[in-house]
Amino acid sequence: MNRVFLSILLLLSSAGLLQAQDIVTRKNGDYLRGIIKGCDAYTVLIEDEKGTEKLLKVKDVKDFFWNGDTYVSKTFFDAKKPEERFARVLETGAINLYAIGGSPASQPVQRSAVRARPSIGLGMGSGGMGGGLGGSISFGGGRSAGDERPQQAAKTWYYIERPGKNGVQPIPLAIVTPETSKRAVKDILLFNLGDDAELAAQVNASADFNRKEVQALIKAYNLKHGASRP
C-alpha cells in the first residue's frame, strides 16, 4: 500500500514539473520558470515555482518560451511613436520573421487556480498597419471557462527584420488591398532577399503572396546565408 501511495505522489510531482515548463528571461539576465497564465503585447503574467504570480512588463523582459513558441520583445515603428511589444518568432537567422496575433482568446490576466495549457490569440481593435495596433492584444487567455470574455475575430500581423540592415518592418499580408499589398510585399522581400539571385527571381515571378510562401522564402534564405539562432 505504501509503495502505491509513493508511486502516486511521484506521478503527481512529475506532472507538476512537466507543467511548469514556461520560461521568462529578464533583460538583466535573470530568468523565471513557472506557468505563464497569459500575456498581451506589453505584459506577461507568470506563476513562479513558489506559486507567486508576477506581472512583468515588456520593458523588463527579453523573451519567454510558452506553449512551444518563443516570444521576444522588439521595438516596432508602425505606431505614432516607437514602442516595444512582444512578438512570436516564426523564423530566425540572417533574416527574422515575427508575428503578432492569431486566434481569439480571453483576456490574459484573470486570476484562476485551474491549471490548463493556454491558447495563443489576439483581440484586435480597428488600428491598421500604418496607424498602430488598436484594442487589447493578447497571445493567450485565462485557464478556466469562468475567466473567458466575449471573443472577437483576430488578424495576424507579420514583421520582417534583417539585423544590421534595417529595423522591424511590417509585411502587409493582412491588408485587404490585393494589388497594393502585393507590390508592397514584393518590395519588402526584394529589399531583404534581393542579394540572392535565385530567391529574388522567385519573388519577382510570384503572382501572389501568403504567409506560408513568405515564411518559406525566408527559411530558404536562412538555410543558404545564415544559421538559425536560438
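Of all residues in the stretch 64-90, which are without any contact (Cβ under 8 Å) to a residue 60 or more places away in the chain and farther than 19 Å from W157 by Cα?
Listed by number, the residues that qualify are F64, F65, G68.
Being modelled with pLDDT under 80 and in contact with a helix residue (DSSP H, G or I) (Cβ under 7 Å, 6 or more places away or on another chain): is that true of R162 here? Quick ask: steps written out before the conclusion?
Numbers: modelled with pLDDT under 80: no; in contact with a helix residue (DSSP H, G or I) (Cβ under 7 Å, 6 or more places away or on another chain): yes.
So R162 does not fit the description; no.
Would you pick out the residues in the stretch 38-72 that are over 16 Å from A99 (Cα atoms), open to solvent by 30 Å² or more (accessible area, probe 1.4 Å) and either of a type in the set (F, W, Y) or outside any helix (DSSP H, G or I) (or both)?
Once the filter is applied, which keeps residues that are over 16 Å from A99 (Cα atoms), open to solvent by 30 Å² or more (accessible area, probe 1.4 Å) and either of a type in the set (F, W, Y) or outside any helix (DSSP H, G or I) (or both), the stretch 38-72 yields E49, K50, G51, T52, E53, K54, L55, K57, K62.
Just one of P178, P230 is farther than 18 Å from L97 by Cα and at pLDDT below 90; which is it? Working first, answer last.
Details: P230 fails: farther than 18 Å from L97 by Cα.
That would be P178, the only listed residue that is farther than 18 Å from L97 by Cα and at pLDDT below 90.
Checking K219 against (1) at pLDDT 95 or above; (2) under 18 Å from R162 (Cβ atoms); (3) open to solvent by less than 70 Å² (accessible area, probe 1.4 Å), which single condition isn't satisfied?
(3)
Q169: in contact with a Leu (Cβ under 9 Å, 6 or more places away or on another chain) and at pLDDT 85 or above, yes or no?
The answer is no for Q169.
The values are calculated or read from the model by the stated rules, or taken from the named source; none is laboratory data. Quantities reported herein were computed from a predicted structural model and do not represent experimental measurements. Neighbour counts run over all protein chains shown; Cβ positions are idealised from the backbone, glycine included. Side chains are part of the model used for accessible areas, which takes the heavy atoms of the whole protein and leaves out ligands, DNA and RNA. Shrake-Rupley method; radii C 1.70, N 1.55, O 1.52, S 1.80 Å.
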